[in-house]
Amino acid sequence: MRSNVTENLGALVDTESAARITFDINPDSFDDSKNTEFAEIPIPGMSHPRLQFTNGSTRTLSFTIYLHYGATDDVPKAIRTLQAWLYPEYDGGHLKKAPSRLLLVFGDTWPDEQWVMKTCNVTRQRFDKELNCTFAEASIELAEYIDQSRDADEVRA
């Protein structure tokens, strides 16, 4: 999808609309999590069951970004954009489009992975004299969007 990324600040980008939230400050850390599921098959007389691979679980990334006036021109608009990525689109009451697929732009760490937003918990912390939010903390969890199985060699490459 993209190559030779030279940006210093990370961003989330909608793959269709190109709507973008650039991080005012890069996250301090990312929690990159994936599990594998095994069925336990009891074998009479054995001390332990046999384990049989059944499937992998969804890989998730969790991190926190900070939005503040001065770096982000409109903190409430940035919050609304993040939250909109959790919702599908409808046309006449019929599902038109699932929630957006996103790219996480952060150097070459996740160069081609697509993600969907699972959670976005926003804490609004500071307000101006018109009560507009001027600083917010957004805790985000993304789920990797995969069309087909990926094997260990692809991950190692």
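General remarks:
- Computed from phi, the 3J(HN,Hα) profile of segment 29-34 under the Karplus parametrisation 6.51, -1.76, 1.60 (θ = phi - 60°) reads 7, 10, 9, 9, 10, 8 Hz, with x in place of Gly and Pro.
- Charges were assigned to the Cβ only: +1 to each Lys and Arg, -1 to each Asp and Glu. The resulting dipole of the chain about its Cα centre is roughly 320 debye.
- For the chain, the carbon plus sulfur part of the accessible surface works out to 47%, probe radius 1.4 Å.
- Reachable aspartates and glutamates from residue 96, criterion Cα separation under 16 angstrom, eight or more residues apart if same chain: 16
- Modelled label reach - residue 154, point 7 Å along Cα→Cβ, segment 56-73 residues with backbone N closer than 20 Å: 56-61
- On Cα atoms only, tilt of 75-84 relative to the major axis of the chain in degrees: 30 degrees
- Sum of -39500 (n - 2.57) over DSSP H runs of 4+, divided by residues of the chain (222 nm, nearest 500): -2500 deg cm²/dmol
- Two-site FRET efficiency, residue 90 against residue 15, from Cβ-Cβ distance with R₀ of 25 Å, rounded to 0.05: 0.80
- Å² of accessible area per residue within the chain, as computed with a 1.4 Å probe and no ligands counted: 66 Å²
- Cβ-Cβ FRET estimate between residue 29 and residue 83, R0 fixed at 30 Å, reported to 0.05: 0.85
- Amide H contacts under 5 Å for residue 23, placed H, 5+ residues apart: 10, 11, 12
- The stretch between residue 127 and residue 147 holds 3.0 nm of extra length on full extension. This uses 0.36 nm per residue minus the Cα-Cα distance.
- Global form of the chain, assessed from the alpha-carbon gyration tensor, a/c cut-off 1.5: prolate
- When each of the peptides 18-30, 49-61, 134-146 is scored by the mean number of other C-beta atoms lying within 10 Å of its residues, the order from highest to lowest reads 134-146, 18-30, 49-61.
- Here the 3J(HN,Hα) profile of segment 46-55, calculated from phi with Karplus coefficients 6.51, -1.76 and 1.60 at θ = phi - 60°, is 8, 6, 9, x, 6, 10, 10, 4, 10, 5 Hz, Gly and Pro shown as x.
- Gaussian network model of the chain, Cα within-10 Å springs - most flexible of 15, 109, 123: 109
- Cα gyration tensor category, rounded, prolate or oblate, for segment 79-157 with a/c compared to 1.5: oblate
The values are calculated or read from the model by the stated rules, or taken from the named source; none is laboratory data. Not measured: the values here are computed from a predicted model. Quick reminder, even Gly has a Cβ in these numbers, built from the backbone with ideal geometry, and neighbours come from all protein chains shown. The protein model used for the area step is the full one, side chains on, heavy atoms only, and it has no ligands, DNA or RNA in it. Shrake-Rupley method; radii C 1.70, N 1.55, O 1.52, S 1.80 Å.
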